[in-house]
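**Student:** Quick one: this structure, given as structure tokens, is what I'll be asking you about.
The values are calculated or read from the model by the stated rules, or taken from the named source; none is laboratory data. Note that the coordinates shown come from a computational prediction; the quantities given were computed from them, not determined experimentally. Cβ atoms come from the backbone with ideal geometry, glycine included; neighbour counts cover every protein chain shown. These accessible areas exclude ligands, DNA and RNA; they are computed on the full protein's heavy atoms, side chains included. Shrake-Rupley method; radii C 1.70, N 1.55, O 1.52, S 1.80 Å.
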Amino acid sequence: MCLHRGSARAGHGVNVPPPWICLQVLDAALIHLLSHVLSTRDLVMKNNAALKKAKEKGAGEDDELPRDQGFTRPKALILLPFRSCALRVIRRLVQLTPGIQGRADGVGKLERLESEYALDSEDEEEERRSNQKARKKGTAHPDHQFLFSGNNDDHFKMGIKLTRAQMSLFAEFYHSDIIVASPLGLITKLQDSEADFLSSIEVTLLDGADVMLMQNWSHVKSVFESLNQQPGASHEQNLMRVREWYLDGSAARYRQNIVLSSFPCVEVNALMRQCSSHAGQAKVQRSSAGVLSLVVPQASLPAAVASPEA
């Protein structure tokens with residue numbers, strides 16, 4: 001699905017959606033992603049318990065095993081342009097994940113997240129003063145402040161391991177359920193290792209496609225080309241429990257792709273056409289009446305033209 005959310009993520013003005021509208025769209029995508037990851041993990045754990053119980057009762061090893069897994073554990077990929085965006089998304093994932101609320105050990109390595117993805121106090125104070133100065137001069141556009149506030153480093157990657165009672169940040173990719181990264185961060189990872197950890201991605205969320213167009217869109221295309229490829233190793237996975245569409249190379253057709261952008265563009269449309277899904281595609285575009293009709297033209301009188309008789 002490709003969703004064009006409007007002309008801005010936050011701000012004030014004509015036909016500009018308020019901040020909470022855009023955040024609600026992202027929340028809906030994150031809730032869907034979390035629901036898929038947790039339900040998939042619950043199914044695997046439920047089948048593991050059933051197989052263990054059957055083995056204790058003396059069931060034969062030739063019994064058909066449930067096909068409930070992929071080649072590797074990661075099931076969701078979130079692509080973001082900046083560390084500040086990743087920080088907001090991960091904080092929101094923590095708030096939206098049931099089971100870890102109110103637990104002292106609910107989130108692992110949260111301090112490392114804040115130290116590596118947030119600005120320190122001095123940089124925050126400097127940014128605050130700079131924004132105040134820009135607002136006084138009238139040069140502070142809400143889009144710019146929202147997008148570039150915080151840590152705008154575009155090279156990062158992180159694995160998140162999820163259980164019903166705990167979320168572990170900075171997990172090793174092959175032990176993670178969700179991968180949060182920038183296109184540049186993943187490309188550098190793929191240059192050093194195989195793309196096997198992307199072989200079983202079932203939900204891809206790309207937020208800020210319009211921003212990535214101003215970075216390096218070729219990285220985005222390379223990441224999508226690396227998804228759902230046949231792995232070069234088994235990675236301790238029981239192939240008898242791998243779903244059939246992974247084995248026959250059709251996993252990409254069963255992957256859900258969610259792309260969020262502030263405006264439509266040919267690059268995003270071309271990317272979505274390449275992501276062919278057996279369930280089809282949907283595009284949601286926010287209509288806008290525009291602002292040109294509100295511009296009052298300045299009346300200008302033509303210069304007097306001398307009469308021919310003069």
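**Student:** Could you name the lysines in cross-link range of Lys109, using Cα to Cα under 24 Å and dropping any fewer than eight places away on the same chain?
**Tutor:** Of all the lysines, those that pass the test against Lys109 - Cα under 24 Å, at least 8 places apart if same chain - are Lys75, Lys157, Lys161, Lys189.
**Student:** Dipole of segment 241-289, Cα-centred, from +1 at each Lys and Arg C-beta and -1 at each Asp and Glu C-beta, to the nearest 20 debye?
**Tutor:** Dipole about the Cα centre, nearest 20: 120 debye.
**Student:** Oh, and also: Can you list, largest first and rounded to whole Å, the semi-axes you get for segment 57-190 by taking the square root of 5 times each eigenvalue of its Cα gyration tensor?
**Tutor:** 39, 17, 12
**Student:** Between Tyr174 and Arg253, what's the calculated FRET efficiency when r is the beta-carbon distance and R0 is 22 Å? Round to 0.05.
**Tutor:** Computed FRET efficiency for Tyr174 and Arg253: 0.40.
**Student:** Follow-up. Can you tell me, using C-alpha contacts under 8 Å and at least 6 residues apart, the relative contact order of segment 106-255 as a whole percent?
**Tutor:** So the answer I get is 19 percent.
**Student:** Which order, highest average first, do 256-263, 89-96 follow once you tally other Cβ atoms within 10 Å for each residue and take the mean per peptide?
**Tutor:** 256-263, 89-96
**Student:** Count neighbours as other Cβ atoms within 10 Å of each site's Cβ, and list the GluC sites (Glu not before Pro) in segment 182-279 that are DSSP loop with at most 10 such neighbours.
**Tutor:** Filter output for segment 182-279: Glu236.
**Student:** Let me ask something additional. Run the simple label-point estimate for Asp120 and Ser39 please: 7 Å along Cα→C-beta, distance reported in nm.
**Tutor:** 4.5
**Student:** Applying 1/(1 + (r/R0)^6) with R0 = 30 Å to the Cβ-Cβ distance of Asn216 and Gln281, what FRET efficiency is obtained, to the nearest 0.05?
**Tutor:** Efficiency, rounded to the nearest 0.05: 0.75.
**Student:** Positive end of the charge dipole of segment 35-112 (Lys, Arg +1 and Asp, Glu -1 on Cβ, about the Cα centre): tell me which of Gly58, Asn48, Val89 has its Cα farthest that way.
**Tutor:** Most positive-ward Cα: Val89.
**Student:** Using just the alpha carbons, could you tell me how many Å³ per residue the convex hull of segment 158-279 encloses?
**Tutor:** Given the Cα convex hull of segment 158-279, per-residue volume reads 132 Å³.
**Student:** Mind checking which aspartates and glutamates have their Cα closer than 12 Å to the Cα of Lys46? Skip sequence neighbours fewer than 8 apart in that chain.
**Tutor:** The reachable aspartates and glutamates, counting only those whose Cα sits under 12 Å from Lys46, are Asp68.
**Student:** If you don't mind, there's one more thing I want to ask. What part of the accessible area of segment 27-137, given as a whole %, is carbon or sulfur when the probe is 1.4 angstrom?
**Tutor:** 49
**Student:** Bin width 10 Å, origin at 0, all Cα-Cα pairs of segment 42-128: what percent of pairs per bin?
**Tutor:** Over segment 42-128, the share of Cα pairs per 10 Å bin runs 12, 27, 26, 17, 12, 4, 2 percent.
**Student:** Would you tell me the accessible area of Lys137, worked out with a 1.4 angstrom probe on the heavy atoms of the protein chains, in Å² to the nearest 10?
**Tutor:** 150
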